[in-house]
Structures are given as C-alpha cells and as structure tokens.
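The values are calculated or read from the model by the stated rules, or taken from the named source; none is laboratory data. None of these values were measured; they are calculated from a predicted model. FYI the Cβ positions are ideal-geometry reconstructions off the backbone, even for glycines, and counts take in every protein chain you see.
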Amino acid sequence: MEDETIAVCLHIYDMTRGMAQLMSAAILGKQIDGIWHTGVVVYGREYFFGGQGIASCLPGETILGQPNQIHPLGVTQIPFAIFVDYVQGLADSTFRPDAYHLLRHNCNNFSNELAQFLCGNSIPQHILDLPTEVLSTPFGQSLQPLLNSLSASSSQGGIPVLPLDLDGGRRSVNRAPSPGAVALERAIEDARRDSLKLEERRNTILEKVEKLEKKKAKKQLQQERQSSSSTSASEKKMADASEANTAREGSEEENSKAPREPPIVFKDLIDIRKEYESLAECIAKVGQDDDHQSMAELKQYVIDDEGSWALGDNFLLFIAKWLNDDKPCNDRLRVQLLTVLASAALKDDVILILHQDRRDHVLMNYAHNIDRLPMSEQEALALFMCNLFENGSSSEWLLYISEWTAPHTTLPLSNIRVTTKVAVTALLSDNPLLQDRGSAIIYNLAIKEVKTVVGISSNFIPQHFSLLQMRFTRCISVCVNNKHPSFIHQIDVDIVAIPFFFHFYVSCFVFHCPPNVFNMTSMATFH
C-alpha cells in the first residue's frame, strides 16, 4: 500500500525585521539574530498559534509578509481529515487562546508540536531556546515582569491573519474583498455551474444513446427471428449472449453497490467498567500520583465517553511505563491495561492517541515482542490489535509502511510488519483463544489489503495444520469470492490439497516480517 506524501516546511519570521541582530549585543550583552515567529506550512496553508488561538492563512499572508527563512521539516502521510481532527483537538485543549504565554507557550511551541505530529521532526532548537536565552541576561531578567504582564493580556492581541480554517477555504478579515477578487470568484462560480450543466447534458445524451442502441438491437433480433428458420440456431446464440451480458452488467452493478466486508472485532467481549476497576485496583497498589491522574483521564475517555481530548500530554508515558515494566508481579496489571485499551480501540477518535506515538512507537515496539510475552498478555494484545480494525483511520495506522529502528537492535520495523507478526504468531499458537484472534486479524488484513495475499510463500511445519484447520474458513473466505476470481489461478495449487493450500495462504502475510523470523521459501516447496 502506497501512501501519498505531503511536504511540510517551517516559515520563520524575524519580528524585529533585523533590529535584534543590530542592537542585541548592546542591549542584552549577547548576539541574537532575531525574535522568531514560526508557522507550519502543509496542505497549502500556514498554521500557527497566537493570542487568539490557532489560526491559519495562505503561506506568507500574515502582516509579517514573506518569511525570512523556509526550513524543510520533511514529509507526512497523515490524511488531511486526521490532521483536521488533531488540530481541532489542540485548539480546544492545549492551545486555547487563554493558554497562550509569550515566553512559555507560544507560536514556536505549537509549531514544534505540529511538526512532530506530522513528520516526527522538531523545529530548530535555537528557536525553542530563545526565551531562555533572553531571560538569562540581566536586561532580560529586568524585563520579566513586563513580559509576564504582556502575556496576561495577549489574548486581546496577536498577528492579524485569517482565522483558523480547516477546510482550506479563504475568509476575509476586517477588509472588503477587492473588485478583482470578486470578479474572479464569480468567474469560478460561473465556470462551476457551466461544468455541472455540461455534465448533466452529457449524462442525458449518454442515456438516450444507450436506449437507442438497446432498441436497435431488440428490433434487429426480432427481424432475424422472423426470417428464415435456418437461422434459428444463430438467433438463439445471440439471445443467450445478450442475456448473459445483461446478467453480467446486473451482477457488476450489484457488486459495486455491495458494502465492504465488515471487519471482525470483539465488541461484546469486554465489560469496560469491570476491566477498568480491576486496572484501578492494580494501579492503586504500585502507582504514583501521576499514574492516578492518568487513570482519571482514562476513565473520562473509556467510561464517561468524553473524547480523546480528556487524555493529557503524559498519557502515553503512562502507557509506556507499565507496558515496558517486565516485573512478573505486574503481569495482571499489563493484561488489564491492554484489555481497557482494546475497548478504547473501538472509538473513532483513538487515531489521535495512536498518532501521538509516531515518535517513540511505544505500542508497536511492545507488540513486536509478542512471542516473548506471557500467554495472558499475548491474548490481550491480540484483542487490542484486532479491535483497532473497527475504524478506517486506526486500521490504516496498522498498515503504515514507514520504517523505524527497533530499540537495542538495527532491525527496521514498520506498523504493517508488526501487525503481521502479531497475526501469524497468534494463529500458530497452541492456544485456541489466541488462534481465534489471530485468524480474525488475518481476515481483517485481507479485506484491507488483499493484493498482498498473492506473490510470496513460506513453508511452515506440517503439524501446524491440525491446530489451524478450524480457522481456515475465516481466513480463506475473504479471498475466494467474485471480487478476486483469479486468486486460485495465481496460487497454482490444487484446492483439494487443503493442508498445502492453507499453509500457503497463511504464509502470504509473512513477507512483511523480518527474514530471521520465518523461513522464506519459493513456490516450489508446495509442488
């Protein structure tokens, strides 16, 4: 699966227009190149934070004019809809207008947050360090009370720009549009209307042509039937062909309207209140104050249904702390935590939590070690991964191909590789419950990315078939259907030879896993 990449860059403005570079040495006793304002440019707009909250405009259209520097941050594969949800969440929580502080929580902090979310990179460190550098001077310390008072009243000010526009449209602020802009907008609107009218006329003409062709074919068929009886066999063949074409068209239309196969998830398996209370009991014994705060936020999210904005900035640190705690006495705590997360995975805004993990990969690094975990943790982890297929955005997250290096190794990992390893490890387990969840993940992978099912195979120990044959129907049913008629032909094995065919199907997903995890072989192994 190939994701579209969008360029991300940072616009850097000197708010003193060069005066800081000229006079800072004399005033502060040290050289400062500028007093920086920054904005992140992505999806054709520039986003930044100020006393009026998060705002956006076309690149370079603030009162500061064109940027002094344009610093590339990288590229992103995050869909625009997810980006919109994330920025709106920041606007309603961490980066509200009243949260702005000239020194401690300003436009540069917002730019850094957005840059890490979009592409995992930070803005230049000297920009983030500027307030500390200024305040470390005697003159800066004498100005601190004044700067604090300016921060307290900053919600009334800010850079005059367009307000936050997450639809990418333009809005006017405190000025009337120019006549040229009005004329251009009218011309665009007229062209849009003309295009719609032209499309309607084209569709009408095509419908009429289609009806005429059908009438002509029907009339021709009737004339041929009334002709010599010697042509009866030919007439029957034509009628059969016409009926077959009609039936095929109807079948194609029905298939196009058919809904996509729903994923297999376990919605009714979790009593969230009971599981949360069990987790709270475990945390009460070993947790600290910050853990109890994270538990209160988790309760708001999974029980009170307050939305992901209820989770604080340290929530992922809470998850990482306990998932990476390998003390045997805390095995039950980790199982309960994963079970509660499996319930959270069913929520449509869980993707906002997952994207906060783009830098450290806490969840995926933990999942990659599934074969080293106790059986109870493997079951809970497989449940969590399976339930992430409930929503399109979180299921796409499981299939990301961007690579990172696993801790303490040089092994390249990606979300799709880890997801596949969890699925195959669970399916080949001796535990029936884990087999069930593994086959559900493989089914969900197939309906999301069925093209990867054909092309690469591996050879598993034949004894595994006795453990897996009860899951075969679930795994193969999604592939052998009218949408993929060439599947069996491409495999080129006898479907009657179920053990070999099943081993091939399961192994088709292994190509995402590292070579040292499974013994990869060629198709010749099956012949």
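Given segment 299-395, what helices (runs of 4 or more DSSP H) lie entirely inside it while holding 1 or more residues that are in contact (Cβ under 8 Å) with a residue 12 or more places away in the chain, of a type in the set (Asp, Glu) and buried (at least 23 other Cβ atoms within 10 Å of the Cβ)? Spell out the reasoning first.
On the way: elements: 315-323, 331-344, 350-355, 362-368, 375-387.
Per the criteria, no element qualifies.
Scanning segment 63-80 finds no residues that are of a type outside the set (A, V, I, L, M, F, W, C), out of contact with any strand residue (DSSP E or B) (no Cβ under 8 Å at 6 or more places or on another chain) and part of a helix (DSSP H, G or I). The C-beta contact set for segment 410-438 (first residue outside any helix (DSSP H, G or I), second residue among the hydroxyl-bearing types (Ser, Thr, Tyr), distance under 8 angstrom, 6+ apart or interchain) comprises 411/405; 412/405; 413/405; 414/400; 414/402.
With the checklist (1) at pLDDT below 90; (2) within 24 Å of residue 440 (Cβ to Cβ); (3) buried (at least 16 other Cβ atoms within 10 Å of the Cβ) in hand, flag the one item residue 268 doesn't pass. Looking at each condition in turn, residue 268 falls short on (3). Scanning segment 396-409 for residues that are in a loop (DSSP other than H, G, I, E, B) and within 21 Å of residue 79 (Cα to Cα) returns 399, 400, 401, 402. The residues of segment 392-434 that are at pLDDT 90 or above and over 26 Å from residue 355 (Cβ atoms), listed by number, are 431, 432, 433, 434.
Within the option set 112, 148, 108, being at pLDDT below 90, part of a helix (DSSP H, G or I) and polar (S, T, N, Q) holds for one residue only, 148.
Quick check on residue 79: is it more than 25 Å from the chain's Cα centre (by Cα) and not basic (Lys, Arg)? The answer is no for residue 79.
If you go through segment 1-22 and keep only what is farther than 18 Å from residue 68 by Cα and assigned to a loop (DSSP other than H, G, I, E, B), you end up with 1, 2, 3, 4, 5. Against the numbered list (1) surrounded by fewer than 21 Cβ atoms within 10 Å (Cβ to Cβ); (2) under 19 Å from residue 327 (Cβ atoms), residue 410 comes up short only at (2).
Among the residues of segment 23-57, write down those that are in a loop (DSSP other than H, G, I, E, B) and either of a type in the set (S, T, N, Q) or at pLDDT 90 or above (or both). Before you say what the answer is, go through the steps one by one.
Going residue by residue through segment 23-57, those that are in a loop (DSSP other than H, G, I, E, B) are 29-35, 43-44, 51-52.
Once the filter is applied, which keeps residues that are in a loop (DSSP other than H, G, I, E, B) and either of a type in the set (S, T, N, Q) or at pLDDT 90 or above (or both), segment 23-57 yields 31, 43, 44, 52.
Test residue 25 against the stated conditions and say whether it is without any contact (Cβ under 8 Å) to a residue 12 or more places away in the chain and in the same structural domain as residue 127 (by TED's automatic domain parsing). Judged against the criteria, residue 25 is a match.
Within the set 293, 336, 288, the sole residue that is under 23 Å from residue 95 (Cα atoms) and outside the structural domain of residue 90 (by TED's automatic domain parsing) turns out to be 293.
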